[in-house]
Amino acid sequence: MEKIVVKGGSKLSGKIKISAAKNSVLPIIAGSILSGGRCVIENAPMLEDVFVISDVLKSVSAETVIDKENSRILIDTSNISYGEPSSELVRKMRASFLIMGPMIARFGRFKISLPGGCNIGTRPIDLHLKGLTALGAEVSIGHGYVEAVANRLIGNKVYLDFPSVGATENIMMAAVFADGETIIENSAEEPEIEDLAKFLNNMGAIIEGAGTDTIKITGVKSLRGTVHKPICDRIEAGTFMVAGAITRSKVEVVGVNEEHLKPIIAKLTEMGVSLELGEDSIIVDGTKILKPVDIKTMPYPGFPTDMQAQMMSLLCTVKGTSVITETIFENRFMHAQELKRMGANIKIDGRSAVVEGVDMLTGSEVKATDLRAGAALILAGLASEGETVISDIYHIDRGYVDIENKFKGLGADIKRIEA
Ligand code: UD1
């Protein structure tokens, strides 16, 4: 088992290039099932989750080639026939569920094992299924599987009780071949959904309004293959912005879209971090005295839950009291326990965490309890006295490309060891 060892205290400097968004690429790979042709994803992030979803496609007979050297993924779904995805893979990663929409659209059915993934709450799939049912699918759950069949999907109006990212993506993909028009109301507005719609539209789909709270899909008969370059990863960008702030350093984060980073930019600015916005880069200057802030996670364009843990690490190092309220997932404070091992002063009260900044965090042995929690512990380690040893780093590898080398490039004292 590998571990990451971080020695705190180094100032960071220089430029860091951000990779493409994992949360764009996962639905895009799933969506390539709809193409019935060859798709190429350029500049794809070479990550564990990306390999898993590619294997899920392989398990339903798609041809997928991961060209690591050129960061390219080639997917040919022209000859795929109906198949059930490997339950072992599906249980490994919740996002495997994104093949439900494409499978029902292309084959009129699917059978898939109930999901796995980060342990950050119960994460039901009722909204996905509600949407598919509204389009005419007959859905049943039993024996650890969810199954659906539909002779023909028919466009309909679907109102989501909550703007779920995955449900919006699944329903959008299911509706691509449905008869007539589908309207998703209260849809999630994340940039990754807009990116998926762009990919599908390039293949011949007719999707309007992606990126807003109302998406209209007009059914078409078939799609074709395409080449797509996904958007950059706003969460990876945010993580490195926090790295600049938590080490009280000045770093440049390159290859970003400022529009997608607005809530993170707003919070860091409120804390007193100076941000110089360039065309596709941000210079983060965390050298001034920082102030505590309150944060409430919300659906996009609100503050992203995927940045909550990293911000908690930062706030642990800022004098004064900050309150973090997590409204998206009910069990997403597991990193607080680990941060406390490092000397943090955090009190959890239901969905809120009260963080009292301490003079200095201390390096400790800690565990990455989920993907973003792992990133938060690296950040805390960078600002700690002594050495932090992080275990269960497979969570981190699910979502961050070459993380220790990226930090090393900025001057951090960090290494991966075989434990
Ligand atoms: C996606 C992201 C994940 C991010 C999350 C919220 C991907 C691959 N993952 O996950 O990184 O943390 O958005 O921004 O893009 N819910 C229901 N019923 C459903 C579906 C969701 O109650 O049918 C609830 C979930 O339990 C959770 C909330 O809605 O509390 C948000 O979930 P959702 O937006 O669906 O997240 P994911 O698509 O799983």
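The values are calculated or read from the model by the stated rules, or taken from the named source; none is laboratory data. Because the structure is predicted, anything quoted here is derived from the model rather than measured. FYI the Cβ positions are ideal-geometry reconstructions off the backbone, even for glycines, and counts take in every protein chain you see.
Just so you know, in region 140-155 the residues that are under 27 Å from the mean Cα position of the chain (by Cα) and small (G, A, S) include one that is nearest to the ligand (Cβ to nearest atom), and it is A148.
The residue pairs whose first member lies in region 289-302 and is closer than 17 Å to E270 by Cα, whose second member is β-branched (V, I, T) and in a loop (DSSP other than H, G, I, E, B), and whose beta carbons are closer than 6 Å, counting only pairs six or more residues apart or on different chains, are L290/V318; P292/V318; T297/T327; T297/I328.
Within the set S222, S187, the sole residue that is in a loop (DSSP other than H, G, I, E, B), surrounded by 15 or more Cβ atoms within 10 Å (Cβ to Cβ), of a type in the set (S, T, N, Q) and at pLDDT 95 or above turns out to be S187.
The set of residues in region 161-176 being under 17 Å from A210 (Cβ atoms) and either surrounded by fewer than 24 Cβ atoms within 10 Å (Cβ to Cβ) or within 16 Å of the ligand (Cβ to nearest atom) (or both) consists of P163, S164, V165, G166, A167, T168, E169, N170, I171, M172, M173, A174. Which residue, of I183, I104, I125, is farther than 19 Å from T77 by Cα and away from the ligand (no atom under 14 Å from the Cβ)? That would be I183, the only listed residue that is farther than 19 Å from T77 by Cα and away from the ligand (no atom under 14 Å from the Cβ).
Going through (1) within 16 Å of the ligand (Cβ to nearest atom); (2) in a helix (DSSP H, G or I); (3) farther than 20 Å from A178 by Cβ one by one, P230 falls short only on (2). Only residues that are within 20 Å of I295 (Cβ to Cβ) and within 16 Å of the ligand (Cβ to nearest atom) were counted in region 353-379, giving 8. Counting residues in region 292-302 that are under 26 Å from K11 (Cβ atoms), β-branched (V, I, T) and at pLDDT 95 or above gives one or more. Of the residues making up region 124-178, just one is basic (K, R) and touching a Leu at 6+ places or on another chain (Cβ under 9 Å), namely K130.
Kindly indicate whether G238 is more than 24 Å from V6 (Cβ to Cβ) and either out of contact with any Ser or Thr (no Cβ under 6 Å at 6 or more places or on another chain) or within 16 Å of the ligand (Cβ to nearest atom) (or both). The answer is no for G238. When F199 is tested against (1) part of a helix (DSSP H, G or I); (2) in contact with an Asp or Glu (Cβ under 9 Å, 6 or more places away or on another chain); (3) more than 22 Å from I264 (Cα to Cα), just one condition goes unmet, and that condition is (2). Out of T182, T247, T269, one residue alone is farther than 25 Å from L135 by Cα, touching a residue at least 40 places away in the same chain (Cβ under 8 Å) and of a type in the set (S, T, N, Q). It is T247.
Quick grid of which residues meet (1) among the hydrophobic types (A, V, I, L, M, F, W, C); (2) within 21 Å of E190 (Cβ to Cβ); (3) free of Cβ contacts under 8 Å to residues at least 40 places away in the same chain:
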| site | (1), (2), (3) |
| --- | --- |
| I28 | yes, yes, no |
| V50 | yes, yes, yes |
| E63 | no, no, yes |
| K68 | no, no, yes |
| R72 | no, no, yes |
| I75 | yes, no, no |
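The set of residues in region 269-290 being among the charged types (D, E, K, R) and surrounded by 13 or more Cβ atoms within 10 Å (Cβ to Cβ) consists of E270, D280, D285. On inspection, V158 does not qualify as within 16 Å of the ligand (Cβ to nearest atom), at pLDDT below 95 and buried (at least 20 other Cβ atoms within 10 Å of the Cβ). For region 321-371, a tally of residues being over 19 Å from G386 (Cβ atoms), among the β-branched types (V, I, T) and under 23 Å from the mean Cα position of the chain (by Cα) returns 5.
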